[in-house]
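Below is one structure, written out as structure tokens, with a few remarks after it.
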Amino acid sequence: MGDVLIDACGWVALIDGSFNIDIALSKLVGPPQFILIDLILDELEELETSRPRGKKLMLDLLLQRSSIIDYPDMHPDDALIEVALESKIPILTVDANLKRRALEQGIGILEILKGKNIRLVNGL
């Protein structure tokens, strides 16, 4: 099974891109198991409240399929980097700064590209 650490903007891009989550990620990491930090869940819940009714973030699905990690209060990107380093798992993100930081530390990223593509990047 392929553990994937979820960043808020990565999840939003995955949902907005109308991906079949299982098919898209299974090709790269195997059947996905999501790891969700509580700080990221807070961000997603806040984003959910400002989205139109027809553009929900499928948080129920994410919660059903995720292992949730309670983490000390800090910047979410810092928490993602720490968990990814400790667990040796990639981060699903489209955040350019987070991608740069992750790659500089040898953390893999799953990035969503235009044209309904996702790629796994393991180094600079």
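The values are calculated or read from the model by the stated rules, or taken from the named source; none is laboratory data. Given the structure is predicted, the values throughout are model-derived calculations rather than measurements. Methodologically, a virtual Cβ is constructed for each residue, glycine included, from the backbone with ideal geometry; neighbour enumeration extends over all protein chains shown.
Overview of values
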{"item": "Top-ranked residue of region 50-82 - restricted to ones that are small (G, A, S) and more than 18 Å from L110 (Cβ to Cβ), ranked as modelled with the lowest pLDDT", "result": "G54"}
{"item": "Selection count, region 32-41, where residues are farther than 18 Å from G108 by Cα and either of a type in the set (V, I, T) or modelled with pLDDT under 95 (or both)", "result": "1"}
{"item": "Any chance I112 is modelled with pLDDT of 95 or more, of a type outside the set (S, T, Y) and under 13 Å from the mean Cα position of the chain (by Cα)", "result": "no"}
{"item": "Region 86-115 - residue that is among the acidic types (D, E) and farther than 19 Å from V12 by Cα and, of those, surrounded by the fewest Cβ atoms within 10 Å (Cβ to Cβ)", "result": "E86"}
{"item": "Strands (runs of 3 or more DSSP E) wholly inside region 1-75 that include at least 1 residues being surrounded by 12 or more Cβ atoms within 10 Å (Cβ to Cβ) and hydroxyl-bearing (S, T, Y)", "result": "66-69"}
{"item": "Inter-residue pairs, beta-carbon under 8 Å, first free of Cβ contacts under 8 Å to residues at least 24 places away in the same chain and small (G, A, S) and in region 3-32, second in a helix (DSSP H, G or I) and surrounded by fewer than 16 Cβ atoms within 10 Å (Cβ to Cβ), 6+ apart", "result": "none"}
{"item": "Which listed residue, of L92, L85, is in contact with a Gly (Cβ under 9 Å, 6 or more places away or on another chain), more than 23 Å from G17 (Cα to Cα) and at pLDDT 95 or above", "result": "L85"}
